[in-house]
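Visitor: Have a look at this one.
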Amino acid sequence: MSYFKPALVLTAASLMAGCANFSPLFADDLVEDAPEQTTAELVVPEQYTNPNKSSEFHLYDGSHEAKRATQLTSPSSILLIFQGSWINKDDPHPYKLIVEKPQYLDDLEAFISLSVEELMAGREYKYTKTGNKYRVEAIKRKETGFWFWSGNVDVEKFVFDLTVDMKPHGRTAEVYIDPIRYEVLKRGEAPDLSAQVRTDQLAVEMMNQFSIEMSFQERLKVQKDNVSQQVTLTVGKNSAGEDVITSQREIRTVFREFEDVISALGFDIEDEDDKLYSYTVKYDKNNTSFMSFFESEYARKLDLPKGVYEVVFMSSVDGVHVAFTDETGQALPKEQVQAIYDLAIKYANEEKLDL
């Protein structure tokens, strides 16, 4: 025990010395803050008085310095989100978009017309069309109030011409906006900007709305094309020379999925055989029962005689054949099979059936 006592005393003394060295709470002398150094004005070091200017970014021709009374806003720019759209920097027109025809489009002019008309309908813009020019009256609205007392008020009116200039070869179009008139309809609710600045903003905004609408219509078309590619139904003939509907899917899948098609077309399924892959169905075009009100839009559109029919599925080297026969076993004629196919392919595409 006599050996450890001096060691403990030495350790405690060392710890106390460490506290004195590192903590002002245990030190005899307190650390004082350094005195503040101030100057009357901010002095910029000489090497920073004339910074280098980038040659990559510059103001466009016609720019001018803003007066102090001018309200500054961020610059507006046209969105290039549609495949094949671009801006010609050498063209002085400030609100023009060049659209090139993508490979998947057959008719660029029809696609642009659809995009413009869908934009007008979706935004409830009034317009008249003369040749390739749309005269548009756009009302900007703003929600005011809250809860039950909320409502939209007309704030601004912007009238402009949207022109679609198709090139003779049909692969390129120039779409541009020419402002006609800007009006403030509700003071205090409209942006507090000069008419010139606001006109510029709205012109770019309208062009961007058109660009966004084209992008949306593009996605719709691609989606429809993909769905069409997923459905493999075609009209053909079986080994007996009868007209049938053919699918490239596996027979159990076709049998299961085609049940929805049969019901959608207005056939009533009386019996099904999942071993022989067949349905026994009844059809009455003039059925007016209560349940007929809940049928699809494709129901009872076929001009088939009232009666019992068989829908038979058979595998073959070129796919699964779907044959429609009457109650005597006679295959339906080509015109009736084609009519069934026309409705079936529409319904299968809409419902994305695996056929």
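Visitor: Students sometimes get this wrong: rank Met166, Met214 by accessible area, probe 1.4 Å, all chains present, largest first.
Guide: Result, largest first: Met166, Met214.
Visitor: For Ala339 and Val222, what does the FRET efficiency come to when R0 = 35 Å and r is the distance between their Cβ atoms, rounded to the nearest 0.05?
Guide: FRET efficiency, Ala339 to Val222: 0.75.
Visitor: What is the extension gain from Leu276 to Val43, computed as 0.36 nm multiplied by their sequence separation minus the C-alpha to C-alpha distance, in nm to one decimal?
Guide: 74.4 nm
Visitor: So, in nm, how far is label Asn50 from label Glu143 when the simple model puts each one 7 Å beyond its Cα toward the Cβ?
Guide: Inter-label distance under the simple model: 5.6 nm.
Visitor: I've got another one for you. Would you mind checking the pairs Lys96/Lys126; Lys140/Lys186; Lys301/Lys346; Lys101/Lys352; Lys89/Lys133 and listing those with alpha carbons more than 18 angstrom apart?
Guide: Violating the 18 Å limit, Cα to Cα: Lys96/Lys126; Lys101/Lys352; Lys89/Lys133.
Visitor: State, to one decimal in nm, how far the label point of Lys157 lies from the label point of Met314, with both points 7 Å from Cα in the Cβ direction.
Guide: Output for this residue pair reads 7.1 nm.
Visitor: Could you calculate the contour length gain from Leu79 to Arg252, that is, 0.36 nm times the residue separation minus the distance between their Cα atoms, to one decimal place in nm?
Guide: 57.4 nm
Visitor: Arg171 to Glu259: FRET efficiency via 1/(1 + (r/R0)^6), r the Cβ-Cβ distance, R0 35 Å, to the nearest 0.05?
Guide: Calculated transfer efficiency: 0.15.
Visitor: If R₀ is 45 angstrom, what is the calculated FRET efficiency for the pair Glu100 and Asp303, using the beta carbon separation as r and rounding to 0.05?
Guide: Efficiency for this residue pair is about 0.50.
Visitor: Quick one: which residues, 5 or more positions from Arg141 or on another chain, have an amide H under 5 Å from its amide H? H modelled 1.01 Å from N in the peptide plane, none for Pro or chain starts.
Guide: Excluding prolines and chain starts, which carry no amide H, the hits are Val155.
Visitor: With a ≥ b ≥ c taken as the square roots of the eigenvalues of the C-alpha gyration tensor of the range 296-355, please select rounded if a/c is under 1.5 and otherwise prolate if a/b is larger than b/c or oblate if it is not?
Guide: Here the range 296-355 falls in the oblate category.
Visitor: Pull out the extension gain between Asp91 and Asp178, defined as 0.36 nm times the separation in residues minus the alpha carbon to alpha carbon distance; nm, one decimal.
Guide: Gain in length upon complete extension: 29.9 nm.
Visitor: Take the solvent-accessible surface of the protein heavy atoms, probe 1.4 Å, and return the percent of it on the range 129-200 that carbon and sulfur atoms account for.
Guide: Looking at the range 129-200 in its full context, I get 47 percent from C and S.
Visitor: Please give me, ordered by residue number, the trypsin sites (Lys or Arg not before Pro) of the range 135-207 that lie in loop per DSSP and have at most 16 other Cβ atoms within 10 Å.
Guide: Arg171, Lys186, Arg187
Visitor: Related question: What are the GluC sites (Glu not before Pro) within the range 300-355 that DSSP puts in a loop, where the Cβ has at most 14 other Cβ atoms within 10 Å?
Guide: Answer in residue order: Glu327.
Visitor: Take each of the peptides 111-118, 81-88, 41-48, average the number of other beta-carbon atoms within 10 Å over its residues, and list them starting from the highest.
Guide: 111-118, 81-88, 41-48
The values are calculated or read from the model by the stated rules, or taken from the named source; none is laboratory data. All values derive from a computational prediction rather than experimental measurement. Backbone-built Cβ (ideal geometry, glycine too); neighbour counts: all protein chains shown. We work out accessible area using only protein heavy atoms, side chains counted, and drop any ligands, DNA or RNA first. Shrake-Rupley method; radii C 1.70, N 1.55, O 1.52, S 1.80 Å.
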